[in-house]
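First up is the structure itself, then whatever we jot down about it.
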Amino acid sequence: MTTSMHHAETPEHKLKYLLSYVSDHSPYYQKVFREKSIDIDSILIAGDLVKLPFTTKDDLAAANDDFLCVPKSRITDFVTTSGTLSDPVAFYLTDADIERLATNESESFKCAGGSEHDIYQLMTTIDRRFMAGLAYWMGARKIGAGMIRVGPGAPFLQWESIQRFSPTVIIAIPSFIPRLIDYAIANNIDFRSSSIQSIICIGEPIRNSDFTWNELGKRITSQWNVKLYSTYASTEMGAAFTECGEGKGGHLNPDLLILEVVDEDGNAVKDGELGEVVVTTLGVEGMPLLRYKTGDLCHVYYSPCACGRTSPRLGPVVGRKQQMIKFKGTTIFPPALFDVLDMVKEIELYQVVVSKNEFGNDEITILLPMHLQTPVFKEMLHSLFKSRLRVTPGFDFITAEELTFRMYKQEKRKPEKLIYI
């Protein structure tokens, strides 16, 4: 890595370096600059980025390897995006990019109150071409903390590790935590007096847009007196927005990303408003991105945080642009459906199926385990959805085995709570 990427550099220096770097090394951006006659010398500050076009997920998928700025022989780690909505995209990291990931995650851990005295228990995969698992491991190592790599699922092994090694922090997909608690209760494990003090929640929101707990957040905190920290990240940005102790949104790390939050027309939204998250990656060597549209919709906050940090914050992901469902005249994002389902204690497994009916309109069917199929339960669900979302989806009941099989696909890294057919 050249010295011009040094930490003391201002964001303007980093941006300048990034632009000259991609114009020298990125076949994709060379083509964009040429076709759009872009003079990179006219882009001096973050505000000038509007002179550049956005980069979309489709661009990344269609021209995947053209984004690569180094020979493949220089690649240290090969990862893919989760492919929640589309085919997974390849991402290539050099040695310096992995070091940047470590920097990001160690800063994130510190933001969430972590230090070298912590022991982290990793309840997500560290293999399967998954960037986050590697980032957590690198970050813990960088701050000098310990880590237990248990991986996803396996409640018995999780509790055995907690009892054996006394970790202080869990890193997990939050919908796994109720299963962990239920297992502890069923097996007389005194989870409340365990060594766990906090949980870093990844991949799913635990708060509403006003920062109160959503149903999943409530479910965890009502049973277990632990501190929850939300974090929002993606493979493409190789960085994370992590909550501090105030719990008022995830903080931007301005050394690693330039953030824009834009409306339908691509204009910046104001403080507290909802928009699509757009990132420009700083200090990336392998596959830097300019004005990358994540598809994620978040509220953005520019006012300083009570914790003393002044960088912008992002609220929980309200939904993904491509996942907006128009159902019986109402606009719904999947997290709103999950939230209602998470309110019902009896529901341990569910899958939301979105399809089109013969008129081309969205239909929503929720798959639930067979044993819940009683008139009383269905009636309760109906009125719950009516009061919460004003509309009621369809319900189908299948065996728990079949539902588990559909949700926990061998090749997927997260449970499939949502599918489009």
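The values are calculated or read from the model by the stated rules, or taken from the named source; none is laboratory data. Since the model is a prediction, treat every value here as computed from it, not as a measurement. Note that we place each Cβ from the backbone using ideal geometry, even for glycine, and neighbour counts take in every protein chain shown. Keep in mind that these areas ignore ligands, DNA and RNA; they rest on the heavy atoms of the full protein, side chains included. Shrake-Rupley method; radii C 1.70, N 1.55, O 1.52, S 1.80 Å.
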task: Determine if the stretch 131-138 includes at least one residue that is touching a residue at least 12 places away in the same chain (Cβ under 8 Å), among the hydrophobic types (A, V, I, L, M, F, W, C), under 30 Å from S73 (Cα atoms) and open to solvent by 60 Å² or more (accessible area, probe 1.4 Å).
output: yes
- prompt: For the stretch 394-421, what are the residues that are of a type outside the set (K, R), part of a loop (DSSP other than H, G, I, E, B) and within 26 Å of the chain's Cα centre (by Cα)?
  reply: Y408, Q410, E411, P415, E416, I421
message: Testing E358 on (1) at pLDDT below 90; (2) surrounded by 13 or more Cβ atoms within 10 Å (Cβ to Cβ); (3) acidic (D, E), one condition comes back false. Which one is that?
response: (2)
message: Taking the condition of being open to solvent by less than 60 Å² (accessible area, probe 1.4 Å) and either basic (K, R) or part of a loop (DSSP other than H, G, I, E, B) (or both), how many residues in the stretch 57-72 meet it?
response: 5
message: Only one of Q158, Q223, Q163 is modelled with pLDDT of 95 or more, more than 22 Å from the chain's Cα centre (by Cα) and surrounded by 19 or more Cβ atoms within 10 Å (Cβ to Cβ). Can you tell me which?
response: Q158
message: S106 - would you say it is in a loop (DSSP other than H, G, I, E, B), free of Cβ contacts under 8 Å to residues at least 40 places away in the same chain and farther than 25 Å from P415 by Cβ?
response: no
query: Taking the stated definitions as given, is S193 open to solvent by 10 Å² or more (accessible area, probe 1.4 Å), of a type in the set (S, T, Y) and at positive phi?
result: no
task: Could you give me the residue pairs with C-beta distances under 8 Å whose first residue belongs to the stretch 339-356 and is outside any strand (DSSP E or B), whose second residue is among the small types (G, A, S) wherever it lies, and which are 6+ apart or on separate chains?
output: D342/S175; L349/A400
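Counting only residues that are of a type outside the set (F, W, Y) and free of Cβ contacts under 8 Å to residues at least 60 places away in the same chain, how many does the stretch 302-328 have?
Qualifying residue count, the stretch 302-328: 9.
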message: Checking T242 against (1) at pLDDT 95 or above; (2) part of a helix (DSSP H, G or I): exactly one of these is not met. Which one?
response: (2)
Selection status of E116, among the acidic types (D, E) and touching a helix residue (DSSP H, G or I) at 6+ places or on another chain (Cβ under 7 Å): yes
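Could you go through the stretch 352-373 and let me know if any residue there is farther than 22 Å from K57 by Cα, among the aromatic types (F, W, Y) and in contact with a Lys or Arg (Cβ under 7 Å, 6 or more places away or on another chain).
Within the stretch 352-373, not a single residue is farther than 22 Å from K57 by Cα, among the aromatic types (F, W, Y) and in contact with a Lys or Arg (Cβ under 7 Å, 6 or more places away or on another chain).
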- prompt: Name the residues in the stretch 169-188 that are touching a residue at least 24 places away in the same chain (Cβ under 8 Å) and surrounded by fewer than 19 Cβ atoms within 10 Å (Cβ to Cβ), would you?
  reply: I173, P178, R179, I181, D182, Y183, N187
task: Hey, can you tell me all the residues within the stretch 286-315 that are among the hydroxyl-bearing types (S, T, Y) and either in a strand (DSSP E or B) or open to solvent by less than 20 Å² (accessible area, probe 1.4 Å) (or both)?
output: Y292, T294, Y301, S311
task: Mind listing just one residue for me: the one in the stretch 260-285 that is closer than 18 Å to P27 by Cβ and touching a Gly at 6+ places or on another chain (Cβ under 9 Å) and, of those, least open to solvent (accessible area, probe 1.4 Å)?
output: T281
Odd one out for S42, checked against (1) open to solvent by less than 50 Å² (accessible area, probe 1.4 Å); (2) under 22 Å from G266 (Cβ atoms); (3) touching a helix residue (DSSP H, G or I) at 6+ places or on another chain (Cβ under 6 Å): (3)
query: From the residues in the stretch 373-386 that are more than 31 Å from the chain's Cα centre (by Cα) and within 19 Å of I398 (Cβ to Cβ), which one is least open to solvent (accessible area, probe 1.4 Å)?
result: F377
- request: Give the stretch 64-98 a look and list any residue that's among the basic types (K, R) and either farther than 10 Å from E285 by Cβ or modelled with pLDDT under 95 (or both), or say none.
  value: K72
